[in-house]
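A quick write-up on the structure given underneath.
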Amino acid sequence: MATIEYDGSYLNSTPGKIKIACLVLSIVGILVLKITGGARYSHGDYFCYIASTAITLTGICLVLLLCIPSLQQNRIFLIVELIICVILTIGFVVATWDVFMGVWDLLHATNHTLFAVIGYIVAVLCGIFSVIQYAYDAQFKFGQLK
């Protein structure tokens, strides 16, 4: 039976820093799209959906790993985390490409707002960095499983 205790040293490890970076990038992407009005369009709405899912899943994994340190060495939990990282990587690739195409659509539309275009560009950057973070975390988890 696993005991519940707080282990703050996980935040200083590489996987802990990756999880925090993923959470921050997802939150920034959502906030920028909501503030600039880019979430009104279908491209921004899909990105917000993926980023919200990423916040939920990554946040749950982070809280579990902070409160139950024995999960860091649990093989089944590593496999679950690997699957989550792969799914979120694919989701962010699709969402980032969709938002990128949304920038192109907005630039060629006659009734676009500059703030929505800026929000889309920032969301694309957050999406690209999220893809890199989740892919690196998936590679790190896969290396731990070997």
Given 0.36 nm per residue, what is the gain on full extension from ILE87 to SER9 after removing their alpha carbon distance, in nm? 25.4 nm
Using only Cα atoms, find the angle between the long axis of helix 14-36 and the longest principal axis of the chain, and express it within 0 to 90 degrees, rounded to the nearest 10. 20
Among LEU125, LEU82, VAL99, the residue whose Cα sits farthest towards the positive end of the charge dipole of the chain (+1 at Cβ of Lys and Arg, -1 at Cβ of Asp and Glu, taken about the Cα centre) is LEU82
Using alpha carbons only, how many degrees (0 to 90, rounded to 10) separate the axis of helix 75-108 from the longest principal axis of the chain? 10
Can you tell me the FRET efficiency between ILE132 and VAL80 if r is taken as the Cβ-Cβ distance and R0 is 25 Å, rounded to the nearest 0.05? 0.70
Estimated distance in nm for a label pair at GLN139 and THR113, the labels positioned 7 Å out from Cα along Cα-to-Cβ: 3.9
Using alpha-carbon pairs under 8 Å, 6+ residues apart, how would you state the relative contact order of the range 8-145 in percent? 37
Given labels modelled 7 Å from the Cα in the Cβ direction, how far is it in nm from TRP104 to LEU64? 3.8
C-alpha long axis of helix 42-67 to longest principal axis of the chain, angle in °: 20
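Each value in this text was obtained by applying a stated rule to the coordinates, not by laboratory testing. The structure displayed is predicted, hence computed values, not measured ones. Virtual Cβ from ideal backbone geometry, glycine too; neighbours counted across all protein chains shown.
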